[in-house]
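Each reported figure results from applying straightforward, stated rules to the coordinates on display, with no laboratory input. What you see is a predicted model, and the numbers here were worked out from it, not measured in a lab. Backbone-built Cβ (ideal geometry, glycine too); neighbour counts: all protein chains shown.
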Amino acid sequence: MSDEPQTESSSSSLSTSPLPEYQNVRHEVEFEGEILTIDSTNWRLSRLLKFQILTSFAVFILFGLAEQTVGTILPKLQEHYSINDIQISFIYFCSVAGYLLTAMVNSITHDYLGIRGVAVLGSTSMALAYLIISHKPPFYIFLICYFMSGVGFGTLDASLNTWMGNLTDSNQLLGILHGCYGVGSLISPALITYLLSRSKNPWIWNNYYVILSVVAGLCLTAVILTFTYETPKKYKYVAQVRHEQAKASSRNSMELDTYKNNTLNEEFEIEDPESNSFFLNDEDSQHSATFTQTLKSPLIWSFAVSLFIYVGGEAAFAAWMVTFLTRMNILDYVSASHMATVFWIGVTIGRMFLGFVTAHFFSSELWANFVYILVTFIGCLIFYFLAFTHWIVSLFIVVLITGVAVGPIFPTTIVALVNVLPAKYQVSGIGFICAFGGGGGAGMPFLIGLLAESSEAGLRSYPLVISVMFGILLLLWILIMRKHSPTYKRNSL
């Protein structure tokens, strides 16, 4: 199908204009004095959408490259800056602070900048942060740079997850998207280890940040070129369309239920608008929930806490694995780095391929995630019991399987969120949930750092702490399943 846009006349208000009649044809709409280019949500039908998806994949590879850098060069940082484990943990703390800042302003930045502006802001923030670090700045500047990196990471993470979650084949696409994070995380430890330990012309730790800044700059260029039509006005228009569709869908669903209960002639009322998947009545004219409204939602908090635990457990497990294995004299540095690489191989496999398994072999994303979390919990426990044995080959296998199970949890959670939340809450809600979850990715490694600094026993207990975290996540997910499974409906896209 041609990518040439077809022109559609539309008024500036959705109250007097119909919803788009052809979702899979690229066309133009006039909205509030601006000509908007509305593309297909099906990647098979749009060349531009394919390039946008590829750009998103590249951004998540950057995430993986950057995320595993500190954990891999941790001994080098401690040597250069003469800092202990607690001070190292402040790097993660600054990153989570940047994440949480994006959570508070996510809805506002989308309203004023649109998806393009938000993506440009995030890419620029990361590129500048890594460029500054490449010059070996004082440690307090290093921390500020990781705050900037956290802002960029959180901004892009929330925006791209929400955007891709509304595309056709979102399960598979989000799986590949987060698989790209695994690709970056897989490359980073092995590449850093090679560059810093090679016999001829070994690199200094800060040289690797030049690579990160160049990759971030390329992502920035790609974002500017491929998301050029994603303006603030288009963001507002699409949000309003989805809001109207959510109301229409809710009305149709309720009318069908009423018919089935033989109450067609009775006038019905909704006592609690938010009890039925946040049903939005006609009097609610807002197309996007405010940050305050988002924070008042128990549903959003339940998913936010789930992702906080998950991302925190995954990040802490990966970030401290090399340090744990070397300080406990289980493996040497090179072998420990290889085990971290094996973990990310598993994560990448899980994210890229289990999304297809979720879509075709599970009745819902809720059940799929239950299985993935259960296997992860068991894997972490086995890792704890095998870590101090001589069964090194078995340990590698357990780490690989655990990585495969861990991999799809995040993208599967996002797809479940898109199916549960209405359009009104999706940007602010998913944005907050991703940012809050990303906070776990910084907060939990920070806490593990406190444990590691406290005593050798503290670091020794690190695998057990991770196991407990995934055990708590398993219980929380069971509660989410019990509440939402009866009314859960998969995205029809």
Exercise. Calculate the dipole size of segment 297-492 relative to its Cα centre from +1 charges on Lys and Arg beta carbons and -1 charges on Asp and Glu beta carbons; express the result in debye to the nearest 20.
Key: 600 debye
Quiz item: Between Arg44 and Ile478, how many nm apart are label points set 7 Å from Cα along the C-beta direction?
Solution: 4.0 nm
Practice problem: Multiply the residue separation of Lys76 and Phe51 by 0.36 nm, subtract the distance between their alpha-carbon atoms, and state the gained length in nm to one decimal. | Solution: 5.2 nm
Self-check item: Given charges at Cβ of Lys, Arg, Asp, Glu: segment 297-492 dipole, positive-most of Ala435, Met328, Ile345
Solution: Ala435
Quiz item: According to a simple spin-label model (label point 7 Å from Cα along Cα-to-Cβ), what is the distance in nm between Leu447 and Tyr140?
Solution: 3.0 nm
Self-check item: Distance (nanometres) between label positions extended 7 Å along Cα→Cβ at Trp391 and Ser199
Solution: 3.7 nm
Quiz item: Listed highest first by mean packing, meaning other Cβ atoms within 10 Å per residue, what order do 227-234, 185-192 come in?
Solution: 185-192, 227-234
Quiz item: Tell me, what HN-Hα J-couplings in whole Hz come from the Karplus equation 6.51 cos²θ - 1.76 cosθ + 1.60 at θ = phi - 60° for each residue of segment 432-438, using x for Gly and Pro?
Solution: 5, 5, 5, 5, 5, x, x
Practice problem: Please turn the phi angles of segment 176-187 into ³J(HN,Hα) values with the Karplus equation 6.51 cos²θ - 1.76 cosθ + 1.60 (θ = phi - 60°), one per residue in order, whole Hz, x for glycine and proline. | Solution: 5, 4, 6, x, 5, 4, x, 4, x, 5, 6, 6
Quiz item: Normalised by the number of residues in segment 297-492, what is the relative contact order in percent for Cα pairs under 8 Å and 6+ residues apart?
Solution: 40 percent
Quiz item: Using modelled backbone amide H atoms (1.01 Å from N, in-plane), which distant-in-sequence or interchain residues come within less than 5 Å of Glu230's amide H?
Solution: Arg116
Practice problem: Could you order peptides 318-328, 292-302 by the average number of other Cβ atoms within 10 Å of their residues, highest first? | Solution: 318-328, 292-302
Quiz prompt | Leading residue at positive end of dipole, segment 29-244 (Cβ point charges), from Gly114, Ile73, Thr228 | solution = Ile73
Practice problem: Could you give the size of the charge dipole of segment 29-244 about its Cα centre, using +1 on the Cβ of each K and R and -1 on the Cβ of each D and E, expressed in debye and rounded to the nearest 20? | Solution: 560 debye
